[in-house]
Amino acid sequence: MNRKTRVIVVDDSALVRSLLSEIINRQTDMECIGTANDPLIAREMIREMNPDVITLDVEMPRMDGIDFLGRLMRLRPMPVLMISTLTERGAEVTMKALELGAVDFVAKPRVGVANGLNDLATEIVDKIRVAAVARVHRTLAAANSGAAAQSGGASARPGQAAPAAPAAMLGRLSTEKIIAIGASTGGTEAIREVLTHLPADCPAIVITQHMPPGFTTSFAARLNSLCQIKVKEAENGERILPGHAYIAPGGKHFSINRSGANYVAVVDDAPPVNRHKPSVEVLFRSVAASAGRNAVGVMLTGMGADGAVAMREMKLAGSYNYVQDEASCIVFGMPREAIAHGAADEVLPLTQIAPALLTRLRSGNAHHRI
């Protein structure tokens, strides 16, 4: 019999601790081995019990979840699932948590917590399972938070990445060129790594990152503050412009249509595809149909198989596709499936994807396929 995944629940609400413990203990493959109402107690429990995963509330007494996460990921990196609140501040703090190294998050409602958490039970345990097998790295943001704490400096806030050095401009490219990116678990930081190394005149970028409503606004704003390109949530009917990145709004599908030599965003409320909404499959299929060999595809870290079939369709239509390698993924599911479907032209470490993409774009005028 396989060993159960051992989970510690950290939350200042006794009700939430009780509910999460019950949800976890109902599963045959996991158990809640302890609960803590603040991070200082949690720290001792982690030392003593060595859990596989912890769930962590964002706002708690004595030390908030972000400060604790920064210290944990600096000193003892381990899989953390954040329990966030569906508020604007909750979304901003969650983005910082993912930057510090949290594997994923679950958004709990502000009211009706008991019913809300029970409704989210499947999502919670699925994400605990993913976290248990995720590759957790000591992040640069966590290291920086430690350096800031030791120096006493307030300039480097925990969870705040620095903008990348400016990338060399590409020069004139056809407005028909387009880059399509798909990602899920671990994808927020993987997308940041790619986008911050692209110049202001790069082709238009369209992105689907699995994310619930209420969080993509903060995600786009954070990327916009770090990138040379403009980053925003996609809006139905808007023209897709070079030098811009468009992110699928949480809970909506995002695709593109052709309009002459340009592309137009389509944002709709159709049913989930591959259990996801937004779905990478929806975006990539539209890119295959509308852009063909003018497209570059990028598949980043994520659980499952969403987008693999459509990425193969992109390749058959003439696109050139990059897939993140296993060693640099938090979760290798979506990249593995893309490779298995024959959709990958190159499999690269995350830090090599943007440079390879830029090299290909710079030489693109001499090739039929960019």
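Within the shell defined by Cβ-Cβ distances under 10 Å, the residues around A248 carry a net charge of +1, with Lys and Arg each +1 and Asp and Glu each -1. Share of Cα-Cα pairs in the chain beyond 35 Å, in percent? Cα-Cα pairs of the chain separated by over 35 Å account for 24 percent. Working note: 222 nm ellipticity from helices only, DSSP H runs with n ≥ 4, each -39,500 (n - 2.57), summed and divided by the residues of the chain, gives -11500 deg cm²/dmol to the nearest 500.
Placing +1 on the Cβ of every Lys and Arg and -1 on the Cβ of every Asp and Glu, with no other charges, gives the chain a dipole of roughly 740 debye about its Cα centre. Between the Cα long axis of helix 88-100 and the first principal axis of the chain there is an angle of about 90°, rounded to the nearest 10. Across every pair of non-identical alpha carbons in the stretch 315-356, the mean reciprocal distance, once inverted, gives a Kirkwood radius of 10.5 Å.
For the stretch 269-321, taking Cα atoms only, Rg and Dmax work out to 10.8, 29 Å respectively. Averaging the sequence gap over all C-alpha pairs within less than 8 Å and six or more residues apart, then dividing by the number of residues, gives the stretch 255-364 a relative contact order of 22 percent.
Computed from Cα positions, the angle between helix 65-75 and the longest principal axis of the chain comes to roughly 80 degrees. Against the chain, whose longest principal axis is taken from its Cα atoms, helix 216-226 shows a tilt of about 70°. In this structure the amide hydrogen of E233, modeled in the peptide plane, comes within under 5 Å of the amide hydrogens of I247, none closer than 5 places in sequence on its chain. With a Förster radius of 22 Å applied to the beta-carbon distance between L86 and A14, the computed FRET efficiency rounds to 0.60. The mean sequence distance of close C-alpha pairs (under 8 Å, at least 6 residues apart), as a share of the length of the chain, puts its relative contact order at 12 percent.
The modelled label-to-label distance between V113 and N50, using points 7 Å beyond Cα along the C-beta direction, is 3.3 nm.
Using a cutoff of 8 angstrom between alpha carbon atoms and counting only pairs six or more residues apart, the relative contact order for the stretch 23-132 works out to 24 percent. The amide H of V206, built 1.01 Å from its N in the peptide plane, has I179, A180, I181, Y246 as neighbours under 5 Å, considering only residues 5 or more places off or on other chains.
Model label points for E235 and A340, set 7 angstrom from Cα along the Cα-to-Cβ axis, are 4.1 nm apart.
Could you sort out which of K108/K252; K108/K315; K108/K232; K96/K127; K96/K277; K127/K230 sit more than 28 Å apart by Cα distance in this structure? Beyond 28 Å: K108/K315; K127/K230.
Modelled label positions at R26 and M169, each set 7 Å beyond Cα in the direction of Cβ, lie 5.8 nm from each other.
Subtracting the Cα-Cα distance of N257 and A121 from their residue separation scaled by 0.36 nm leaves 45.3 nm. Between the stretch 187-236 and the stretch 41-109, the C-alpha centres lie 23 angstrom from each other. Of all DSSP beta bridges confined to the stretch 241-354, the antiparallel ones make up roughly 55%.
Annotation: the antiparallel percentage among DSSP beta bridges lying fully within the chain is about 20.
Read-outs throughout are calculated quantities, based only on the coordinates presented, and are distinct from any laboratory measurement. Just so it is clear, the structure is predicted and the values come from calculations on it, not from any experiment. We place every Cβ from the backbone using ideal geometry, glycine too, and count neighbours over all the protein chains shown.
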